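The values are calculated or read from the model by the stated rules, or taken from the named source; none is laboratory data. Given the structure is predicted, the values throughout are model-derived calculations rather than measurements. Note: ideal-geometry Cβ built from the backbone for every residue, glycine included; neighbour counts use all protein chains shown. Only protein heavy atoms, including side chains, enter the accessible area calculation; ligands, DNA and RNA are left aside. Shrake-Rupley method; radii C 1.70, N 1.55, O 1.52, S 1.80 Å.
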Amino acid sequence: MRISVIVPAYNEEKYLENSLSSLKNQSFSDLELIVIDNNSTDKTSSIAKKYTDKVFLCREQGISSARNYGAKKATGDIVCFIDADGIVDKDWVKRVNEAYSKDRYLGAVSGLNLFYNKSLIKNVYYNVYNAVVFSVLFLGNKFGKYLVAGNNMAIKKDLFLEVGGFPNFIAEDVKLSYNLRKYRLKVKFYPRMLIKYLTRRFDKNGFLETGATRGDGVIGE
């Protein structure tokens, strides 16, 4: 099974290298790494080219457009999505392969995100939001109300293209989840697919505004 990981990036020179380094050090080797440069004006593209020769320019602005463009370029049976500041666990791709190997009826799978900050207080505070989001995701999938997290997910490529990819819509991953519900498939929450994310959006926009606008179609903030 070939797995493609798609990283959309807009002006991510400060964070992209750490993310791509974590992907290049995976315990699972059959991995295609794709970076979609969404009209960056900084060194995003040159940094990406140090880690993969599959760096593509998507001129249509927005995270949904960049992810969808990456899926079309992917050669893997499974396409995965993370954000450009995500630090993936060394077994993250292995866990994706593990999930699909165990269940041939699996359509999509989402992992667990954790936020990190140098401040212990901020770590606890911001992960309250995280706990609520992933509790809803877990319970929804448990009772057939499928939900996926767009910045930590894997999906069969053919299914992703058939459903139309990520819509250009606020909370695009929620809308994608609704579109998936009409298919007779399994969607799972697999917490062993672990990604750590910076709290930079919370730090910049505050707790309530970030929670209300998460998934607004903007890459990088």
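Given segment 76-201, what percent of its DSSP beta bridges are antiparallel, to the nearest 5?
55
Collect residues whose amide H, placed 1.01 Å from N in the peptide plane, falls under 5 Å from the amide H of Glu32; neighbours closer than 5 in sequence don't count.
Amide H neighbours of Glu32, under 5 Å, 5+ apart: Ile3, Ser4, Val5.
Give me log10 I(q)/I(0) at q = 0.09, 0.14, 0.18 Å⁻¹ for the chain, Debye formula, one equal scatterer per alpha-carbon, no solvent.
-0.31, -0.81, -1.45
By how many nm would the segment from Asn39 to Asn123 lengthen if fully extended, with 0.36 nm per residue of separation less the alpha-carbon distance?
That pair, Asn39 and Asn123, stretches by 27.1 nm at full extension.
Taking the mean number of other Cβ atoms within 10 Å as a proxy for protection, how do you rank 18-27, 78-87 from highest to lowest?
78-87, 18-27
Can you give the Kirkwood hydrodynamic radius of segment 22-81 from its Cα pairs, in Å with one decimal?
About 12.3 Å, per the Kirkwood formula over Cα pairs.
Considering only protein heavy atoms and a 1.4 Å probe, what is the carbon-and-sulfur percentage of the accessible area of the chain?
Of all accessible area on the chain, carbon and sulfur atoms account for 54 percent.
When ligands, DNA and RNA are left out and all protein chains stay put, how many square angstrom of accessible area per residue does the chain have with a 1.4 Å probe?
48
With a sphere of radius 9 Å drawn around the Cβ of Asp103, what net charge do the other residues whose Cβ falls strictly inside it have (Lys, Arg +1; Asp, Glu -1)?
Within the 9 Å Cβ shell, the charges total +4.
How much mean residue ellipticity at 222 nm does the chain get from its helices, if each DSSP H run of length 4 or more adds -39500 (n - 2.57) and you divide by all residues, to the nearest 500 deg cm²/dmol?
Mean residue ellipticity, 222 nm, calculated: -11500 deg cm²/dmol.
Rounded to the nearest 5, what is the percent of antiparallel bridges among the DSSP beta bridges in the chain?
The antiparallel fraction comes to roughly 30 percent.
Just how large is the dipole of the chain about the Cα centre, in debye to the nearest 20, putting +1 at every Lys and Arg Cβ and -1 at every Asp and Glu Cβ?
With Lys and Arg at +1 and Asp and Glu at -1, about 640 debye.
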